[in-house]
Amino acid sequence: MKVFITGATGFLGRAVVDACLTAKIEVVAMVRSAHHRLPSPVKAVELSFDDQAGLASALKGCDAVMHLAGKVSRDPNDAGAMHWIHVEATQVLLDAMKDSGVRRFVLASTSGTIAVSKDKTRPLNESHRPAFEVLGKWPYYTSKLLQEQEVLRRHEAGDIDAVILNPSLMLGPGDDRLSSSTDVLNVLNRRVSALTDGTVALVDVRDCAPVFVRALTEGEGGHRYLLNGANMSLRVFVERICTAGDVGIPKVSLPGKWAVRGAKFLDGIAKAADRSAAIDPVSVEIGSYHWACDASKAKRTLAFSARDPQETINATVHFLEKKGLFRRT
């Protein structure tokens, strides 16, 4: 099998490339520059999403596409960039697939398009209706939901045979760009002063990667699959990180609305003083919601299996420490 992968140099991308090579799958990787960090068996093709003809040419001879490229940000100023990469660039890629005759498509999305709630409920599954009234607060999740809808529309039209994988918060070693590990780093560097009553869902990138490979042949077209290793309260999540990094655990707990108001107040003071705020109010707001989800479908269909979440947290902390982003005291 020969697979075309976008986002191959990212956190998830590098893990998926390694899993493909282990499975003896030939990989063609789309890269933005010649200075990429990919194993030598990988054929790197320097392309941009503006070049539909170039994409169609690169796809010739491929059996499937894995679309892992994306941008993770909580900054409202990045809304346009996220809409471009998640929605518009995906449309160009799908058009190129149609031009080249490639049909199998595996998309990396996020559990946040399915499993987020204002109220603490049982873990949500793939049958849950997207909470538009919640997702609309954050451009990242809005753009990912629009991306999923476009992919499913094309699947229903018969243009592609699509499978969507929805990992929860991905942690583990190797997140050089801090696309997912920023929350862990903030806890380690004591940028979390108060805890809200939210729920966290997390998964190890090393457990996700083999599932992407299996989805190429075993995933049912038109379906979404949640990938989640553990659900826990925000307090337990922070305590586990603090234990792994030998740092003090925040003592203060606040209801979500008061924590968000406080964070916004401190953010306003920081901006007035032309300084960076110690606490991101968007992250505080996200932490006040409930993200618990159920990965039973992926376990049944795609043989998904998750390791102990403390092993994942320990590996993440060790990686951040090794990178010099956190110093143990």
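Every read-out reported here was derived from the displayed coordinates using simple, explicitly stated rules and does not represent laboratory data. A quick note: this is a predicted structure, and the numbers were derived from the prediction, not measured. Quick reminder, even Gly has a Cβ in these numbers, built from the backbone with ideal geometry, and neighbours come from all protein chains shown.
Over all directions, how big on average is the projection of the convex hull of the alpha-carbon atoms in the chain, in square nanometres?
Hull-based average projected area comes out at 16.5 nm².
Using R0 = 22 Å, the C-beta based FRET efficiency linking residue 84 and residue 323 works out to 0.15. Using θ = phi - 60° in the Karplus curve 6.51 cos²θ - 1.76 cosθ + 1.60, the 3J(HN,Hα) couplings for the stretch 73-89 round to 7, 9, 7, x, 5, 8, 4, x, 5, 6, 5, 4, 6, 7, 9, 5, 5 Hz; x is entered for Gly and Pro.
Give the shape of the stretch 1-72 as rounded, prolate or oblate, defined through the alpha-carbon gyration tensor: a ≥ b ≥ c are the square roots of its eigenvalues, a/c under 1.5 means rounded, and otherwise the shape is prolate if a/b is larger than b/c and oblate if not.
Working: a/c = 1.55, a/b = 1.15, b/c = 1.35.
Oblate, because a/c is 1.5 or more while a/b does not exceed b/c.
Relative contact order of the stretch 33-175, taken over Cα pairs closer than 8 Å and 6 or more residues apart, is 28 percent. On a per residue basis, the convex hull of the C-alpha atoms belonging to the stretch 167-211 measures out at 76 Å³. Phi angles across the stretch 122-130 convert, under the Karplus curve 6.51 cos²θ - 1.76 cosθ + 1.60 with θ = phi - 60°, into 3J(HN,Hα) values of 5, x, 8, 10, 5, 7, 6, 6, x Hz, Gly and Pro given as x. In this simple spin-label approximation, residue 296 and residue 134 carry label points 7 Å from Cα along the Cα→Cβ vector, and these lie 1.9 nm apart.
Between residue 198 and 234, the built amide H atoms are under 5 Å apart, and every one of these is 5 or more places off in sequence or on another chain. With a Förster radius of 45 Å applied to the beta-carbon distance between residue 50 and residue 239, the computed FRET efficiency rounds to 0.45.
To the nearest 0.05, how large is the calculated FRET efficiency for residue 190 and residue 117 if R₀ is 41 Å and r is the Cβ-Cβ distance?
On the way: r = 29 Å, r/R0 = 0.70.
The value I calculate is 0.90.
Residues whose amide H falls under 5 Å from that of residue 44, counting only those 5 or more places apart or on a different chain, are 29, with hydrogens built in the peptide plane. Maximal additional length on extending the residue 60-residue 74 stretch stands at 1.4 nm, based on 0.36 nm per residue less the C-alpha distance. Longer than 27 Å from Cα to Cα, which of 118/144; 71/323; 297/322; 120/144; 98/144 are they? Say none if no pair is. Going by Cα-Cα distance, 297/322 fall outside the 27 Å limit. Over the stretch 64-219, the pair-distance histogram of Cα-Cα distances with 10 Å bins from zero comes to 10, 35, 38, 14, 3, 0 percent, rounded to whole numbers. Over all pairs of different C-alpha atoms in the stretch 1-130, the reciprocal of the mean inverse distance, the Kirkwood hydrodynamic radius, equals 16.0 Å.
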